[in-house]
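Engineer: Pasting in a structure now, in structure tokens, and then I'll have a few things to ask.
The values are calculated or read from the model by the stated rules, or taken from the named source; none is laboratory data. These figures come from a predicted structure and were not determined experimentally. Here the Cβ positions follow ideal geometry from the backbone for every residue, glycine too, while neighbour counts run over all protein chains shown.
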Amino acid sequence: MHVRQVIIIGSGPAGYTAAIYAARANLNPLVVASSVEAGGELMNTTEVENFPGFPEGIMGPDLMAKMQEQAEKFGAEVLYDDVVGLEIDGSVKKVTLGSGASHEADAVIFATGSAPRKIGIEGESRLSGRGVSYCATCDGFFFRERVIAVVGGGDSAMEEATFLTKFASKVYVIHRRDELRASKIMQDRAFKNDKIEFIWNAEVADILGDDAVTGVVLKDTVDGSTRELALDGVFVAIGYDPRTHLVHQKLELTSDGTVWVDGRSSRTSVPGVFAAGDVIDPTYRQAVTAAGSGTVAALDLEHYLAALGEAGAPAPDVAEIDGLPGAEADAAAVA
Ligand code: NAP
């Protein structure tokens with residue numbers, strides 16, 4: 001089998017930025033973009049107002065289309081398929097796809113992003129797609145003149161609640177504390193919106209309905225009392241969990257559940273496997289930080305392949321590669 005230089009798993013800002021850099025370095029990257037989630041979380045976003053270079057804002061899907069176009073322009077190959085198997089122990093990495101095809105490469109960049117977090121209650125999974133949603137831009141349209149709730153107190157919850165007021169007659173925001181985590185600008189926008197009503201200090205203890213959502217059971221987080229609230233839909237926006245299922249037991253993870261990387265680099269616990277974007281980031285999780293992280297991964301990859309070429313097999317130890325972000329941290333740790 002032809003052994004490529006690099007396979008990039010993931011097609012969000014981290015994956016496509018890594019692909020742009022790797023393609024410009026003539027590394028002919030193969031991007032496995034996913035069959036249904038190609039483009040990542042920005043595909044579920046409306047207007048992106050904080051990506052530098054777009055003062056008028058840009059729609060999330062348009063931004064991702066531009067990133068893909070830029071990667072392909074320099075020679076990246078994009079496959080709309082899902083990785084179902086990953087063998088990364090040896091010096092040649094093997095990636096098996098849902099189609100049954102497999103590809104091999106000297107290195108892998110793992111940029112699978114994160115998935116919406118679930119509340120974890122019975123009614124949530126039973127009524128998912130029947131009034132329970134994780135994507136306002138995908139499903140908001142179905143709730144014209146309906147009463148709905150958004151669960152969460154972060155930027156995602158504010159963004160979804162504000163967006164959903166275009167359709168719904170009323171949007172409750174249910175938050176477990178009496179203070180939001182969201183940025184000031186997003187909070188202010190939601191507070192100013194007449195259709196949004198905040199329910200503070202409340203957790204969703206159950207979601208009610210047989211075939212469709214009819215309401216929720218709210219539990220007061222201060223006094224423990226419960227009450228029912230009639231609703232037609234529930235949008236869950238309580239954060240994201242890194243998508244690491246492919247690398248459990250294969251790559252070291254952190255206590256946050258993200259893939260462990262060495263200092264500020266993208267080097268994982270396995271030589272030749274680099275990770276970038278939300279899958280390594282429990283804190284910032286912005287499109288632009290993910291893009292920067294993809295750049296780091298592509299540059300680390302270039303150094304790795306260069307060292308591999310000079311030394312021949314076997315692959316160099318990660319600590320032996322000089323000049324990489326995190327190298328100072330290694331030195332400090334040794335000292
Ligand atoms: P987040 O900032 O982690 O906020 C999650 C919210 O959900 C918090 O308010 C949290 O409550 C609540 N929560 C978490 N687990 C819960 C549970 N089991 N039950 C009930 N509530 C729960 O997540 P996010 O809003 O998705 O934002 C993630 C990142 O993306 C952030 O860095 C954010 O700035 C960024 N983002 C930016 C934009 C933008 O700039 N336009 C838009 C969306 C997201 P507590 O506050 O009590 O912890």
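Engineer: Looking only at region 78-104, which residues are under 14 Å from GLU37 (Cα atoms) and part of a strand (DSSP E or B)?
Structural biologist: VAL78, LEU79, VAL83
Engineer: Evaluate region 284-298: report whether one residue or more is assigned to a loop (DSSP other than H, G, I, E, B) and of a type outside the set (Phe, Trp, Tyr).
Structural biologist: Yes; the residues of region 284-298 include at least one that is assigned to a loop (DSSP other than H, G, I, E, B) and of a type outside the set (Phe, Trp, Tyr).
Engineer: ARG130 - would you say it is surrounded by fewer than 17 Cβ atoms within 10 Å (Cβ to Cβ) and in contact with a Phe, Trp or Tyr (Cβ under 7 Å, 6 or more places away or on another chain)?
Structural biologist: no
Engineer: Any chance you could count how many residues in region 107-134 are touching a helix residue (DSSP H, G or I) at 6+ places or on another chain (Cβ under 8 Å), in a loop (DSSP other than H, G, I, E, B) and more than 12 Å from the ligand (Cβ to nearest atom)?
Structural biologist: Of the residues in region 107-134, 2 are touching a helix residue (DSSP H, G or I) at 6+ places or on another chain (Cβ under 8 Å), in a loop (DSSP other than H, G, I, E, B) and more than 12 Å from the ligand (Cβ to nearest atom).
Engineer: Take the residues of region 145-165 that are assigned to a helix (DSSP H, G or I) and among the hydrophobic types (A, V, I, L, M, F, W, C): which is surrounded by the fewest Cβ atoms within 10 Å (Cβ to Cβ)? Quick ask: steps written out before the conclusion?
Structural biologist: Pass one, region 145-165, residues assigned to a helix (DSSP H, G or I): 155-164.
Now narrow it down to the ones that are among the hydrophobic types (A, V, I, L, M, F, W, C): 157-158, 161, 163-164.
On the way: ALA157: 26, MET158: 27, ALA161: 30, PHE163: 19, LEU164: 27.
Only one residue tops the list, namely PHE163.
Engineer: May I ask you to say which residue of THR137, THR162 is at pLDDT 95 or above and among the hydroxyl-bearing types (Ser, Thr, Tyr)?
Structural biologist: Residue meeting the stated conditions: THR162.
Engineer: Can I ask one more? Count, please, the residues in region 166-199 that happen to be part of a loop (DSSP other than H, G, I, E, B), over 23 Å from ARG126 (Cβ atoms) and within 11 Å of the ligand (Cβ to nearest atom).
Structural biologist: Going through region 166-199 one residue at a time, the tally reaches 8.
Engineer: Let me confirm something: among VAL261, VAL222, VAL216, which residue is aliphatic (A, V, I, L, M), out of contact with any helix residue (DSSP H, G or I) (no Cβ under 6 Å at 6 or more places or on another chain) and either at pLDDT below 95 or over 21 Å from CYS135 (Cα atoms) (or both)?
Structural biologist: VAL222
Engineer: Determine, yes or no, whether ILE185 is touching a strand residue (DSSP E or B) at 6+ places or on another chain (Cβ under 9 Å) and of a type in the set (A, V, I, L, M, F, W, C).
Structural biologist: Answer is no for this residue.
Engineer: Suppose we keep only residues that are out of contact with any Gly (no Cβ under 7 Å at 6 or more places or on another chain), part of a strand (DSSP E or B) and more than 11 Å from the ligand (Cβ to nearest atom) within region 216-243. Which one would you say is nearest to TYR172 (Cα to Cα)?
Structural biologist: In this case the residue turns out to be PHE235.
Engineer: Just one of (1) surrounded by fewer than 15 Cβ atoms within 10 Å (Cβ to Cβ); (2) more than 16 Å from the ligand (Cβ to nearest atom); (3) not small (Gly, Ala, Ser) trips up VAL92, so point out which.
Structural biologist: Here VAL92 clears every test but (1).
Engineer: Could you identify the single residue in LEU251, LEU246 that is part of a helix (DSSP H, G or I), away from the ligand (no atom under 16 Å from the Cβ) and surrounded by 15 or more Cβ atoms within 10 Å (Cβ to Cβ)? Steps first, please.
Structural biologist: Details: LEU251 fails: part of a helix (DSSP H, G or I).
So the residue among LEU251, LEU246 that is part of a helix (DSSP H, G or I), away from the ligand (no atom under 16 Å from the Cβ) and surrounded by 15 or more Cβ atoms within 10 Å (Cβ to Cβ) is LEU246.
Engineer: ILE148 versus (1) in contact with a helix residue (DSSP H, G or I) (Cβ under 8 Å, 6 or more places away or on another chain); (2) aliphatic (A, V, I, L, M); (3) within 16 Å of the ligand (Cβ to nearest atom): which is the lone unmet condition?
Structural biologist: The single condition ILE148 does not satisfy is (3).
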